[in-house]
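As structure tokens, the structure follows; a few thoughts come after it.
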Amino acid sequence: MALLEVQNLKKYFPVKKGVLSRSVGEVRAVDGVSFSLEKGETLGVVGESGCGKTTVGRCILRLIEPTSGEVIFNGRNLLQLGGEELRRIRASLQIIFQDPFSSLDPRMTVGQIIAEPIKNHLNVSKAEVRDRVAYLMERVGLHPEQMGRYPHEFSGGQHQRIGIARALALNPLAIVCDEPVSALDVSIQAQVMNLLAEIQEEMNLSYIFIAHDLSVVEHISDRVAVMYLGRIVETATDRDLYENPQHPYTQALLSAIPIPDPEIRRQKIILKGDVPSPLEPPSGCSFHTRCPERKEICTKERPAFKDLGGGHRVACHLR
Amino acid sequence: MNTDKKEFAAFPEEEALVPSRSRAQEFFRLLNKNRLAFAGLAIFILFFLTAVAGLVLTSGTKPVLDPALVRLPEKLRPPLSRPNLQVLRPEQIPRLGIYLLGTDDLGRDVFARMLQGAWVSLTVGFVAVGISVVVGIFMGGIAGYFGQEQIRADRILVLILLFLGIGLAFLAHPSLGILLFALGICLWILCGRAKLRLEGSPWARFLFAETISVDTLIMRLVDIMLCFPSFFLILTVVALLPASIYNIMIVIGLTSWMGTTRFVRAEFLSLREQDFVTAAKALGVSKWRIIFRHMIPNAMAPVLVSATIGIATAILTEAGLSFLGFGVPPPHATWGNILSDGKRFIFDAPWLTFEPGLAILIVVLSFNLFGEGLRDILNPKLRERY
């Protein structure tokens, strides 16, 4: 059985207006997302800004309360847990944030930041907490002697390492990485990615790796899910997706990856127009407003999520 | 040095870190650069020491400097004049052998009275601001963190019953009051029990309707409090209550918490969206720990600034009240009532007006300067980032 099973997850944000703050509509940030995550596996989630990637990640951890759906983690539905049970299960499902600067409390020392989850969940002595923090700092490539320093004394990459150490503190089973490297320099991106990969191997972790950069996702993922306007339009294994993309949107995304070789010429698929408003998503296939291969049926019927074999699934009428 | 370098090389991303400075060191370094704020702090410390010395020297049954000792032959002596030893009994001779700041119309030593008044100003300033900051943080914190919670109609009904009950019980009809109070508690328990059973019925829709959010309630209360001209509100309350220094502190405190509430609410609203708060939630940290450990320390900077300036305002308000005769009852001296007594002799004895006036000016100015400096120092955008 899968470690994490997400079923038909939905999050609608109500839009309120006026003095009485009446609901005048809803933003369908996540509109029926389903996927599963095996132990030790990395699922990459890609899509452009505003497609609901981050919302999915936060709904899984219940940092945002989902509207409906199921999140089954280790055999238990997280959305039905409350209070103490939820608190305890959160120890094994962690998150790493995008913004390295706002994700650490500026008034706590690095030691205190990493020690917080340990103190909060385990009843251990001060010396043990210290040892554990020192170990974690060493593990993510920081000097344990810098325990007493404040976050503003560190660089962005080091911030991210501290965030990783904090997420690892309780030996989690899965980590939601919410664009952990998109705010970093390219050279440091690689270091952080390698660190994440090393730790995964060592601790047999599962990652949900959210990113808007396909080349970053390619580097680390086993499987990739492509999101568009709150829905998953295609999932496939890493190699399958990059070599044989099926959905027109995925094809467009892949063609936009720059190749560091000026000699190579290739056909770029350039999408026209903007992402439609999630307030009033288009009828039928949500991509039909920008799809280069649009047919009559696309505007009327919502495509089913078809299995093309080998775990390659796509939501398109034409495949 | 060499070994250091080798060690750093093991961590490729490592930059040579600047020597670690604690927050306090950083604070004093920046304060040192800001001359005016530093002067403000220095004067404040001087004022603090003076006030404490004043308390020690002028209180007790046989104080070293007696602010209430009347020497009628020696009235309205100018500052730095020597006492006329022929007309004074031995116990009336001032300890310093000189009237440092002159004497007033009853021959009391103004220096001793100023010292006594300094302690009043200090305590009024700090206690009043302490009250307003505690109330402000509490209200602002609730509005900022729990603001989106809706208050149900039945809860409001219960609250009205409870308050009405308490009010009636203490003022007019004890029995009726207790009855209403009991009714309120019954309703509270009943509504809690019946919530599930009544689900869907038209009654329930009315009774359990969500009326307003906590945020709206508190912020409208702030707006209402700000509508009152606070000085006149204080005058009214002080006229009704027995005149004492504690009542004045409490009244000043309870009419000046609104600014802090707004600051704290604004800070909380922005902090609760920050990733480190989300991270704490994801780690299963309890919400009270999030509030006290993560949010309040990060929200304190503007509160500290407004508190510093608030102390100046409170001292000024107290002086104003004393000047109008609503403040601390005589014979206890405050800067305000020295000033008030002195205004009758402004041409014969100008020092009686100028000394307390200058003292108030300097102290209030120093607090304001320090507060302004603090705002600059605590502003992270003006700090150096590494």
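None of the figures in this text is laboratory data; all of them are computed from the coordinates on show. Small disclaimer: the values here were computed from a predicted structure and weren't measured. Here Cβ is always computed from backbone atoms with ideal geometry, including for glycine, and neighbour counts include all displayed protein chains.
Below 9 angstrom from the Cβ of residue A:69, what's the summed charge of the other residues (Lys, Arg +1; Asp, Glu -1)?
Once all neighbours under 9 Å are counted, the net charge is +1.
Tell me whether segment A:224-319 comes out rounded, prolate or oblate; compute the Cα gyration tensor, take square roots of the eigenvalues as a ≥ b ≥ c, and use a/c under 1.5 as the rounded threshold.
Oblate is the answer for segment A:224-319, as a/c is 1.5 or above yet b/c matches or exceeds a/b.
Amide H to amide H, which residues 5 or more places from residue A:95 or on other chains are under 5 Å from it, using H placed in the peptide plane?
For residue A:95, whose amide H was placed from the backbone, the distant partners under 5 Å are A:176.
When you look at the Cβ of every residue in B:219-225, what mean number of other chain Cβ atoms sits within 10 Å?
Taking the mean over all residues of the peptide, I get 0.
With θ taken as phi - 60° and the coefficients 6.51, -1.76 and 1.60, list the Karplus ³J(HN,Hα) couplings across segment B:93-99 in order, rounded to whole Hz; mark glycine and proline as x.
Each residue's phi maps through the Karplus curve to give 5, x, 4, 7, x, 7, 8 Hz.
Can you give me the angle between helix A:186-203 and the longest principal axis of chain A, using Cα atoms only, in degrees from 0 to 90, rounded to the nearest 10?
70 degrees
Which of the helices in chain B, when you take each full DSSP H run, stretch at least 30 Å along the axis at their Cα atoms and have an average Kyte-Doolittle score of 1.6 or higher?
Helices passing the filter in chain B: B:35-58, B:110-145.
How far, in degrees from 0 to 90, does helix A:110-121 lean away from the longest principal axis of the Cα atoms of chain A, to the nearest 10?
80 degrees
For a quick check: with amide H placed at 1.01 Å from N, whose amide H comes under 5 Å from residue A:45's, ignoring anything fewer than 5 positions away on the same chain?
Result for residue A:45 returns A:209, A:210, A:211, A:225.
Quickly estimate the mean residue ellipticity at 222 nm for chain A, helices only: each DSSP H run with n ≥ 4 gives -39500 (n - 2.57), and the total goes over all residues, rounded to 500.
-8500 deg cm²/dmol
Sorting B:58, B:278 on the 10 Å Cβ count, fewest up front, what's the list?
Fewest-to-most Cβ neighbours within 10 Å comes out as B:278, B:58.
Whole-Hz ³J(HN,Hα) for each residue in segment A:233-244, computed from phi via Karplus 6.51 cos²θ - 1.76 cosθ + 1.60 with θ = phi - 60°, x for glycine and proline: what do you get?
My calculation for segment A:233-244 gives 9, 7, 10, 7, 5, 3, 5, 4, 5, 6, 8, 9 Hz in order.
Which of the peptides B:116-126, B:25-35, A:41-51 is most tightly packed, and how do the rest follow, judged by the mean count of other Cβ atoms within 10 Å per residue?
Peptide ranking by packing, descending: B:116-126, A:41-51, B:25-35.
Report, in whole Å, the centroid distance computed from the Cα atoms of segment B:150-166 and segment B:76-120.
When both Cα centres are located, 59 Å separates them.
I need the shape label for segment B:70-200. Rule: rounded when a/c is under 1.5, else prolate if a/b > b/c, else oblate, with a, b, c from the alpha carbon gyration tensor.
Prolate is the answer for segment B:70-200, as a/c is 1.5 or above and a/b outweighs b/c.
Does chain B come out rounded, prolate or oblate by the C-alpha gyration tensor, with a ≥ b ≥ c the root eigenvalues, rounded set by a/c under 1.5 and, if not, prolate when a/b is larger than b/c and oblate if not?
oblate
How many angstrom lie between the C-alpha centres of segment A:246-280 and segment B:271-349?
58 Å
Please work out the Cα center distance from segment B:208-259 to segment A:198-217, rounded to the nearest Å.
Rounded to whole Å, the Cα centres lie 55 Å apart.
In degrees, nearest 10, range 0 to 90: what is the angle between the Cα axis of helix A:156-168 and the longest Cα principal axis of chain A?
That helix lies at roughly 80 degrees to the long axis.
Can you give the mean number of other chain Cβ atoms that lie within 10 Å of the Cβ atoms in peptide A:92-102?
Mean shielding by partner chains, rounded to a whole number: 3.
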